[in-house]
Amino acid sequence: MKILYINLDILFMFVSGILLMNYFSLQWSYFRVIEFLHIFGSVVLTLFFVLPFLYKHIYESMIIMKHKSKSGLAFAFVFVFLLVSGTYLFLIGNRGGDIYGIISYYIHLYGSFVLLFFFALHLRKFFAVKKMTAVLPLLLIFFPNYAYSSSEKLTNIIFTDGAKHHHSIDWTNSVTCKACHPAVFQQWADSNHRHLADSNPYYMVLENLAEMDRGKEFRQWCMGCHNPSAVSMHQERTTHFMQDNIMPEPLFTKGSKNLINEFEKHPNRLEQGVSCIACHRITDAKPTGNSSYSLNLTKRKKYLYEDAHADMKVWITQKLINAKPKVHKQEYMKPLYKKSEYCASCHNEFLPHSGKKVVSTYEQWKKSPYNNPKKPKEHKECIDCHMTYLKNGKFSPLEGRSTLGGKHKKDIKVHYFAGGNHFLAGLKNKENESQSIQLLKTSAKLDVKLDKGVLSVGVKNVGAGHKLPTGAADFRELWLDITVKDKSGKIVFSSGKLNKEGEIQKGSVIFNKVFGDKEGKPVGLFFWRYEKLLKDTRIPAGKRVVEKFSLQKELQYPLHVNIKLNFRIYPQWVTNIVKAAYPQLPDPPVITIADLEKDFD
């Protein structure tokens, strides 16, 4: 929010200054007001907003984080000149006989344009919109490319209880489920489903960008799946996780301890994100995506004192449920939850203004060999991979009880929600991270051959029921890392290495998709601007692709070939943007999904 204030401050100073130019010939009644606002408004805004922000920003960026930004230094240098020249013009003036007054006037006049240029350049670097059109960030913020239309349906949630507005007490806090489902709660507590909104730094940055680009109403498009409780309460935005009156560190807090502590002090405070109730009170779902599900919050059968928080009343409720749990189970478990359509209600995604598919994981699964209900042994729903326990790299259904004192089950559907994003869950819990990494490593296999100086590398999607990788835009990186050494150990071919900035070297084979805008330019973070698909080299389920590399002639055999299929959940340029807002965030590691070594004589 601070950066938005600075944008507003600089825009105010620039526009009000431009209006004072002789070119506009304003009526005196307007001129004198604008002059007053420009001088005194600029002084106030500079003292209370700009200077404190610049000092903190420069200290954190250059002193603490050791960042070097030429555009930032140029901006600061020009800003000082404008500050000094403006002060001189106000205190001494430009009455024509003072050379310094004349110089100050021209510095202040033309320097403002230079300042705006460096400001835009610095913001463009700040947002790290790599390979993106050079849109002036200042204009981006104040004049969005797309105007929000009230006819766009941003969320598709249907509240079947008839309520038009919910209260936080309607969203039974997930902490109340912990007493009877401790193991499941622990799995969920550090999962990505738990941390989809306020405690997810990548999401928070993107939701803020969505508002900056298309208006605050557009946040609802994101919140329908990431923060349905806030949508139901007509909240306009996702707010930062708060504990009392401070913002705790959510990245490394294990077991949702901050949520538990807050519940003990403020049991009726809204739990943001995807809670237990957000999934277990869905009564119907369609695979179209964009939160295409039905929720029933208030019309559910509750036991006596079920909404109470006093220890004695909570104890009584638990005993009443334990005495006859059938009704409780019926209220929170539906056959729908085993079907892929249930997951697709959010894991499919389309643009509300154009209908273009951003994520089509469900359609990919429908076309895959895993969608085969006529052969039950081959048929797999989403939960058969993403909610089944893995051990030693293999699916090993977890036996036990999902409820204290409940029935023994041979296959407890775990709530780690293993998937591509091992990173954020791994900051909190290594078991959650391990489940996702193990799942990733079941997805692909490599093969290689060398013929007449051409190295052919095969990559087959053997485990994912969708394209590899899936997800929005080019936020996930899957690529080939190849090293070929000759008889002496000298590297004679290399591809897929990271440079010193953490980016994959140019010319590497990357399996991903890239969205373009209507002019065919990559949209970068602003994936809702998608108009044209510029690239899609992802690997469909069950398919094999072959990439060929020409080696130099007259090599000293035998050759040693090392091939890795590497994966990174976010490109470095995306993480750099998020770290500008969350500097404590580490860089996501590179995971090797599959590797292969072979010698060729």
> Going from most exposed to least, what order do Trp365, Trp315 have by accessible area with a 1.4 Å probe?
Replying inline: Trp315, Trp365
> Percent of accessible area on region 165-303 owned by carbon and sulfur, 1.4 Å probe?
Replying inline: 58 percent
> When the dipole is taken about the Cα centre of region 234-378, and only Lys, Arg (+1) and Asp, Glu (-1) are charged at their Cβ, what size is it in debye, to the nearest 20?
Replying inline: 940 debye
>> Mean Kyte-Doolittle hydropathy of 0.0 or higher plus an axial Cα length of 24 Å or more: which whole DSSP H helices in the chain meet both?
In response: 2-19, 70-91, 99-127
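For region 389-463, which whole percent of the accessible surface, found with a 1.4 angstrom probe, sits on carbon and sulfur atoms?
Values: 1840 of 3640 Å².
Carbon-and-sulfur percentage of accessible area, whole number: 51.
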> Which of (i) 24.4; (ii) 23.5; (iii) 27.5 is the computed Kirkwood radius over Cα pairs in Å for the structure on display?
Replying inline: (iii)
> Taking 0.36 nm per residue of separation and subtracting the Cα-Cα distance, what length does fully extending Arg544 through Glu399 add?
Replying inline: 48.7 nm
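What does the charge dipole of the chain about its Cα centre add up to, to the nearest 20 debye, if the Cβ of each Lys and Arg holds +1 and the Cβ of each Asp and Glu holds -1? It would help to have the intermediate numbers written out before the result.
Values: 82 positive and 53 negative charges, 430 e Å.
Roughly 2060 debye for the chain.
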> Kirkwood Rh over Cα pairs of region 251-395 into Stokes-Einstein at 10 °C, 1.306 mPa s: D in µm²/s?
Replying inline: 86 µm²/s
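Taking 60 Å as R0, compute the FRET efficiency from the Cβ-Cβ separation of Asn261 and Leu73 and round it to 0.05.
Numbers: r = 43 Å, r/R0 = 0.71.
Once the sixth-power term is evaluated, E becomes 0.90.
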>> So, R0 is 41 Å and r is the distance between the beta-carbons of Met21 and Lys518; what FRET efficiency does that work out to, to 0.05?
In response: 0.70
> What whole-number value in Å² describes the accessible area per residue of the chain for a 1.4 Å probe?
Replying inline: 52 Å²
> Taking amide H positions as placed 1.01 Å from N in the peptide plane, with prolines and chain starts having none, which residues 5 or more places from Leu20, or on another chain, fall under 5 Å of its amide H?
Replying inline: none
> So what's the gap between the Cα centers of region 484-545 and region 279-350, to the nearest angstrom?
Replying inline: 41 Å
>> Need the full-extension length gain, Lys553 to Asp311, defined as separation in residues times 0.36 nm minus the C-alpha distance. One decimal, nm.
In response: 79.3 nm
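How high is the FRET efficiency from Lys356 to Thr160, r the C-beta distance, R0 25 Å, rounded to 0.05? If you can, show how the numbers build up before the last one.
Values: r = 29 Å, r/R0 = 1.16.
Given R0 = 25 Å and the Cβ-Cβ separation, E is 0.30.
Over the chain, what is the percentage of antiparallel beta bridges among all DSSP beta bridges, to the nearest 5? List each step's numbers first, then the result.
Details: 56 of 58 bridges.
Of all bridge pairs located within the chain, approximately 95 percent are antiparallel.
Using 0.36 nm per residue of separation minus the Cα-Cα distance, give me the extension gain between Lys375 and His560 in nm, one decimal. Write down the numbers at each step before the final one.
Details: separation 185, 0.36 × 185 = 66.60 nm, distance 4.27 nm.
Result for the pair: 62.3 nm of gain on full extension.
Just by accessible area at a 1.4 angstrom probe, what is the order of Tyr557, Tyr530, Tyr88 from largest to smallest? If you can, show how the numbers build up before the last one.
Details: Tyr557 95, Tyr530 25, Tyr88 55 Å².
Solvent-accessible surface, decreasing: Tyr557, Tyr88, Tyr530.
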> Where the centroid of each part is defined by its Cα atoms, how far is region 352-380 from region 179-220 in Å?
Replying inline: 25 Å
> Once both labels are modelled 7 Å past Cα along the beta-carbon direction, what's the Val44-Val454 spacing in nm?
Replying inline: 7.2 nm
>> Rolling a 1.4 angstrom probe over the protein chains, ignoring ligands and nucleic acids, what is the accessible area of Glu501 in square angstrom, nearest 10?
In response: 100 Å²
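The values are calculated or read from the model by the stated rules, or taken from the named source; none is laboratory data. Everything numeric in this text was worked out from a predicted model, so none of it was measured. Cβ atoms come from the backbone with ideal geometry, glycine included; neighbour counts cover every protein chain shown. SASA here: full protein model, heavy atoms, side chains in, ligands and nucleic acids out. Shrake-Rupley method; radii C 1.70, N 1.55, O 1.52, S 1.80 Å.
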